[in-house]
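Presented below is the structure to which this report refers.
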Amino acid sequence: MRRTITRRDLVRAGAAVGLVASVPGKLFGQAPAVVVRKAKPLVIASPNGFYFTNGGAQTCVEKAFLMITQGGDVLDALIEGVNIVELDPLEDAVGYGGLPNADGVVQLDSCCMHGPKKRAGGVAALEGVRTPSRVARAVMDTTDHHLLVGKGAQTFARSMGFAIEDDLNTERSRTLWLEWKRRTDPLHYLDPAKRELASRQVSQQMVREGLMSGRHLYGTINCSGINAKGQICGVTTTSGLAWKIPGRVGDSPILGAGLYVDNEVGAAGSTGRGEANLYGLCSFLIVELMRGGMHPKDAGMEALRRIKANTIEKRLCRADGNPSFNLSFYILNAKGEYAGVALYREDEDERGAVGQKDGRLVRYCVCTESGPQMLVCEPLLPGLPQG
Ligand code: GLY
């Protein structure tokens, strides 16, 4: 059964934070060395950071928050947190059991950024490793590069000691892929326009029938955090777009798109249609807007307006010209202020994949000294992506 953070855990965590804020130096001969507390510790994530425990006691945001308040490195804590989601076979949008590409192969993307160290790492189209976020971390820690892809990423992971598995499908992800395959024109590569249409229609039909969540077509987890010293880090990890053309890489592993962190300013990360985010590098945009003084919510809304303005292809628009997809950003600034924003408020349908239904609102989650909570994203547009 799921265990949430107890009051005792929080008192303990709060006490640890308090110590950081008030440990005195030598009592004689010098003023007490008070460590100034710059921010209240906080972890923010997409809603799957609140749902999944991989059969254990803690969710992603709970685990990460406790590690941060116990003095752990912020990025270590976030990666331990998202590992819970990557490894949970019930989450079919991230890591092990993520929905595969058009060939039935699970290809994973991830990146991470360490604000204080000003370092970053990422992997894309990685096969065979359940926890791509850990490989992204290894790219950051042990190479001179920021992004490794495909076979090269897998060879690197093997050389770093990661177990390489033949197949990361679960029975559920394979069954869904076979259903998609059965319904899709087997000759779809011949006509890109028709293939795209057929693929989208089939996917949307499967969502309408309750076989899978609409959120999981582009499902991802983004998780960022700040500790009492004001140190900010972030991580994003995903199996990417379900049934994608093999080799397709979305926004998640791309610095500035699926994630951007600046230790002096804040962090932003995304879930949703990666192509729309990639076009404007919106996580970078959001952080830059916050650098100029915008609140996280206002910066996120401005990025969503940019995405709306850039979405002019008819196939990607509703009848009223607004985008026919959803995209969310999870944002925090160096003061510890935060926001979750989305193109549309109402899209989510948790039937099946998550096994719990909490309405149809696009949400995000945070964990603070008050414990974990689920919040509703601020929407830019009324209605549903489908119109
Ligand atoms: N945002 C996840 C993806 O588009 O791959």
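Just so it is clear, none of the values below were taken in a lab; they were calculated from the coordinates. None of these values were measured; they are calculated from a predicted model. Note: ideal-geometry Cβ built from the backbone for every residue, glycine included; neighbour counts use all protein chains shown.
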Non-local amide H neighbours of residue 213 (under 5 Å, H modeled in plane, Pro and chain starts lacking H): which ones?
-> 353
If only Cα atoms are counted, what is the Rg of the range 25-181, and what is its Dmax, in Å?
-> 18.8, 75
If amide H atoms are built 1.01 Å from N in the plane of the peptide, which residues on other chains or at least 5 residues away come under 5 Å of the amide H of residue 317?
-> 324
Relative counts (whole %) of C-alpha pair distances in the range 101-177, using bins that are 5 Å wide = 3, 18, 27, 21, 13, 10, 5, 2, 0
With r defined as the distance between the Cβ atoms of residue 117 and residue 370 and R0 fixed at 41 Å, what FRET efficiency is calculated, to the nearest 0.05?
-> 0.90
Over all Cα pairs of the range 112-257, the Kirkwood radius sets Rh, and Rg/Rh then becomes 1.03
For residue 105, the net charge from surrounding residues (Cβ-Cβ under 9 Å; K, R +1; D, E -1) works out to -3
Per-residue HN-Hα couplings for the range 237-249 [Karplus 6.51, -1.76, 1.60; θ = phi - 60°; Hz; x = Gly/Pro] = 8, 7, 9, x, 4, 4, 6, 5, 4, x, x, 4, 10
Which order do peptides 240-250, 101-111 fall in by mean Cβ count within 10 Å, highest first?
-> 101-111, 240-250
Summing +1 for each Lys or Arg and -1 for each Asp or Glu, what net charge is found among the other residues whose Cβ lies under 10 Å from the Cβ of residue 84?
-> -4
Beta carbons within 10 angstrom, averaged per residue: use that to sort the peptides 308-318, 47-57, 219-229, highest first.
-> 219-229, 47-57, 308-318
Taking Rh as the Kirkwood radius computed over C-alpha pairs, what is the Stokes-Einstein D of the range 41-132 at 10 °C in a medium of viscosity 1.306 mPa s, expressed in µm² per second?
-> 115
Across the range 263-280, in residue order, what do the Karplus-derived ³J(HN,Hα) couplings come to in whole Hz, using 6.51 cos²θ - 1.76 cosθ + 1.60 with θ = phi - 60° and x for Gly and Pro?
-> 4, 7, 10, x, 9, 9, x, 9, 9, x, 5, x, 4, 5, 6, 4, 4, x
